[in-house]
Amino acid sequence: MISQKKAIIVGASSGIGREVAQLLIDRGWRVGIAARREAKLLELQKQHPQQVVVQTIDVNADDAAQRLLQLIERLGGMSLYFHASGIGKQNRTLEPAIELNTVQTNALGFTRLIDTAFNYFADHGGGHIAAITSIAGTKGLGPAPSYSATKAFQNVYLQSLEQLANARRLNIRFTDLRPGFVDTDLLNDNNHYPLMLRPERVAREMVASIKKRRHVRVIDWRWRIITACWRRIPRSLWRHFRL
């Protein structure tokens, strides 16, 4: 018998989002999966037709919020919203298209759908919002300015919504998931990334963190040590680091 737990995953066509979707399906959840690339979503639905509902959503489109609400209705409700949509590239020459597209997706698109999920839960008795941010939000990283800045934005935005939910006495939980570098298409750009993580392993730790209702989780233990050290480096020294 399929569990009545229902999750929406935006950004489920590949990478960590797809791995998380598969893990939840294996645990008996009904899952609504969304992304721009419908073909990839339909592949997963074909494997699990009784558990998976598909919707194409572009987080930057004006109708993204409406399409998310349509997916929730088709799924029959939502207890977990998982935001896995995001882009980012190294951009040492500050090409405008890269910087502006990153801000559009990781800040504006993120806000558009996170707010929609928040308001849905506010009107329907609560739920859980989890989002993939990044260790890149811990400090400003020179090779990827807009990516680093938008991830810091996401960290603070989730913290702010958590405070807002408590002030309004809403039963909404939050989990800010901050992985290190993960071997997905996002980092398939011929640049070197240290301590690369496998998406399957990262997804397992994310699902476990959601189950344990963690507020913030840096993945993995090595990156927890690194980011703890980063926070202690004064700005006067950090500006001279070469990454």
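Quick notes
- Any pair with Cβ under 8 angstrom, 6 or more apart, that starts in segment 40-63 at a residue that is among the basic types (Lys, Arg) and ends at one that is open to solvent by less than 20 Å² (accessible area, probe 1.4 Å): LYS40/SER13
- Filtered residues of segment 144-161 (kept if touching a residue at least 24 places away in the same chain (Cβ under 8 Å) and crowded, with 21+ Cβ neighbours inside 10 Å): ALA144, SER146, TYR147, THR150, LYS151, GLN154, LEU158
- Residues (among the aliphatic types (A, V, I, L, M), assigned to a helix (DSSP H, G or I) and crowded, with 20+ Cβ neighbours inside 10 Å) located in segment 1-24: ILE16, VAL20, ALA21, LEU24
- Flag: PHE181 matches the condition of being in contact with a Leu (Cβ under 8 Å, 6 or more places away or on another chain) and open to solvent by 30 Å² or more (accessible area, probe 1.4 Å).
- Candidates THR105, THR116, THR133, THR175, filtered to the one that is at pLDDT 95 or above and more than 25 Å from LYS211 (Cβ to Cβ): THR105
- Top-ranked residue in segment 122-143 [being out of contact with any Lys or Arg (no Cβ under 7 Å at 6 or more places or on another chain) and closer than 17 Å to LEU243 by Cβ; ranked as least open to solvent (accessible area, probe 1.4 Å)]: LEU141
- Entry remark, segment 38-47: residues being in contact with a strand residue (DSSP E or B) (Cβ under 8 Å, 6 or more places away or on another chain) and either under 16 Å from HIS83 (Cα atoms) or open to solvent by 40 Å² or more (accessible area, probe 1.4 Å) (or both) number 4 in total.
- For segment 79-121, filtered to residues that are touching a strand residue (DSSP E or B) at 6+ places or on another chain (Cβ under 8 Å) and polar (S, T, N, Q), the residue that is least open to solvent (accessible area, probe 1.4 Å) is SER85.
- Residues in segment 228-240 that are in a loop (DSSP other than H, G, I, E, B) and touching a residue at least 12 places away in the same chain (Cβ under 8 Å) were compared, and the one that is nearest to LYS139 (Cα to Cα) is ARG231.
The values are calculated or read from the model by the stated rules, or taken from the named source; none is laboratory data. Remember, predicted model here, so these are calculated numbers, not experimental data. FYI the Cβ positions are ideal-geometry reconstructions off the backbone, even for glycines, and counts take in every protein chain you see. Surface areas here come from the heavy atoms of the whole protein model, side chains and all, with no ligands, DNA or RNA. Shrake-Rupley method; radii C 1.70, N 1.55, O 1.52, S 1.80 Å.
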